[in-house]
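See below for the structure under consideration.
Here, each number is a calculation from the coordinates, and none is a lab measurement. Bear in mind that the values here come from a model prediction, so they are computed numbers and not experimental data. Every residue, glycine as well, gets a Cβ built from its backbone with ideal geometry; the counts of neighbours run over all protein chains shown.
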Amino acid sequence: LVTGVQTCALPILAADGSSWAGEAEGGSVFSCSPTGTGLSRVATGFWNPFGLAFDPAGRLFTVDNDPDARPPCRLIDVVATGDYGYRFRYGRSGRHPLQCWDGELSGTLPMAAGTGEAPCNVVPFDGGLWVTSWGHNRLEVFTPVPHGASCRATSRIVVQGDHEFRP
């Protein structure tokens, strides 16, 4: 899996010539084979997807940062064909009425949970999803709970450091 923010109409090209050309919609998650063939878009509507990881149940998660004026950052259960609401064309504030952050517009999906500022990675470990929050100087662990066809997650802070702690 690869992630990319497509902010222009230039296509993403795979080794076999398959491609994707978007309309500057923002971050998307793409997949291709290990040899770089068969490119396809998995989901869209991200601000800046980071740290993709599969949990033991086979669900794909990412953390999405940074919504500028619209916290929180997001832990997202990435589902095929999902749209998570962010549109680059409407600006960086995250507050335009035609974009959303938590599934509040029809046709968009909500986050599994809000995260601390500047999440950079997701690591499945010991039954939870460990997330780094660089901006809040902490490590968080999220416990996914089934919710319809997706999941929600509860969190707890595992380690909280001072201003010099940047996980």
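Dipole of the chain (Lys/Arg Cβ +1, Asp/Glu Cβ -1, origin at the Cα centre): which of G38, G22, G107 lies farthest to the positive side?
G107
Check N121: other-chain or 5+ apart residues with amide H under 5 Å from its amide H, H built from backbone geometry?
Distant-sequence amide H within range of N121: T132.
Each label point is 7 Å from the Cα along the Cα-to-Cβ direction; what then is the distance between the points at F54 and H96, in nm?
3.5 nm
Putting +1 on Lys and Arg Cβ atoms and -1 on Asp and Glu Cβ atoms, find which of A118, S155, P72 reaches farthest to the positive end of the dipole of the chain.
After comparing all options, I get P72.
Assigning unit charges at the beta carbon (Lys, Arg +1; Asp, Glu -1) and nothing else, what dipole magnitude in debye, to the nearest 20, does the chain show about its Cα centre?
180 debye
What is the local net charge at G135, summed over the other residues whose Cβ is closer than 11 Å to its Cβ (Lys, Arg +1; Asp, Glu -1)?
0
Please report the relative contact order for the chain, taking Cα pairs under 8 Å with a sequence separation of at least 6, and give it as a percent rounded to a whole number.
15 percent
Applying a 10 Å radius around every beta-carbon, put 72-83, 89-100 in order of their mean neighbour count, most first.
Output ranking for 72-83, 89-100: 72-83, 89-100.
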